[in-house]
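Okay, structure first, notes after.
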Amino acid sequence: MVVLGIDPAIRTTGYGVIELTPSGKCKILDCGVIANSQKLPHTECLRRLYGGITELISLWHPDCAALEEPFVGKNAKTAIILGMARGGILSALANHQIPAYAYNPSVAKRAATGSGGADKSRIAFLLSAEFGISVDQIPLDSTDALALALCHIQRVQYPIPGGITGKPL
């Protein structure tokens with residue numbers, strides 16, 4: 001099983017691809033960022049997000065995707081922009097018939113580190129130790145995406161009462 005973790009944002013969308021091997025071991029296949037300049041209009045950012053996710057799907061053939069559940073802050077404009085980014089990402093996933101699931105950020109961080117309040121550098125450090133890769137190979141903006149992918153794999157491997165996965169999107 002290959003899971004594409006995605007931490008949506010209009011300017012810096014983090015992604016992480018983790019494979020659950022038949023032996024039950026996990027390995028990081030890829031992680032990085034789909035970056036959009038502050039100078040680009042939102043329409044171009046959305047086109048690039050759709051294209052970036054489509055490229056990742058073509059490269060890794062994920063069985064499913066895990067996204068961060070949106071949070072509602074005090075700034076409505078920020079929430080709308082985040083919603084646009086999620087829409088572009090979900091459109092790419094839907095176009096390729098990739099099921100997507102949403103997880104609360106603290107649940108994903110807890111799955112990766114044991115602490116729902118872990119910061120990005122802590123997640124990167126623990127994932128590098130767990131998967132035997134250099135911490136320099138994990139961009140900080142991809143840490144939450146990796147945590148989301150790992151969280152989904154853990155939920156599939158070890159179902160919890162009330163459902164095995166996050167909220168289907």
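The values are calculated or read from the model by the stated rules, or taken from the named source; none is laboratory data. Since this is a predicted model, take the numbers as computed values, not measurements. Note that each Cβ is placed from the backbone with ideal geometry, even for glycine, and that neighbours are counted across all protein chains shown. To get the accessible areas, we keep the full protein, side chains included, count just its heavy atoms, and leave off ligands, DNA and RNA. Shrake-Rupley method; radii C 1.70, N 1.55, O 1.52, S 1.80 Å.
Tabulated data for the structure shown
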{"item": "The listed residue being in contact (Cβ under 8 Å) with a residue 12 or more places away in the chain, aliphatic (A, V, I, L, M) and in contact with a Lys or Arg (Cβ under 7 Å, 6 or more places away or on another chain), out of Ile6, Ile34", "result": "Ile34"}
{"item": "From Ile18, Ile53, Ile28, residue being under 12 Å from the mean Cα position of the chain (by Cα) and closer than 13 Å to Ala149 by Cα", "result": "Ile18"}
{"item": "Qualifying residue in the range 127-139 (condition: closer than 30 Å to Glu44 by Cβ, under 14 Å from the mean Cα position of the chain (by Cα) and crowded, with 16+ Cβ neighbours inside 10 Å)", "result": "yes"}
{"item": "Cβ-Cβ under 7 Å pairs, at least 6 apart or on other chains, the range 133-153 side free of Cβ contacts under 8 Å to residues at least 12 places away in the same chain, far side open to solvent by 10 Å² or more (accessible area, probe 1.4 Å)", "result": "Ser134/Ser128; Val135/Phe125; Val135/Ser128"}
{"item": "Qualifying residue in the range 70-90 (condition: surrounded by fewer than 16 Cβ atoms within 10 Å (Cβ to Cβ) and under 26 Å from Gly132 (Cα atoms))", "result": "no"}
{"item": "Selection within the range 34-50 - open to solvent by 50 Å² or more (accessible area, probe 1.4 Å), within 18 Å of Asp7 (Cβ to Cβ) and not in a helix (DSSP H, G or I)", "result": "Ala35"}
{"item": "Subset of the range 1-33 that is small (Gly, Ala, Ser) and open to solvent by less than 40 Å² (accessible area, probe 1.4 Å) - its residue that is nearest to Asp136 (Cα to Cα)", "result": "Gly32"}
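Here's the yes/no breakdown for (1) at pLDDT below 90; (2) more than 11 Å from Gly5 (Cβ to Cβ); (3) among the acidic types (Asp, Glu):
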position	(1), (2), (3)
Ser115	yes, yes, no
Asp119	no, yes, yes
Ile123	no, yes, no
Ala129	no, yes, no
Asp136	no, yes, yes
Pro139	no, yes, no
Ala147	no, no, no
Gln154	no, yes, no
Ile160	yes, yes, no
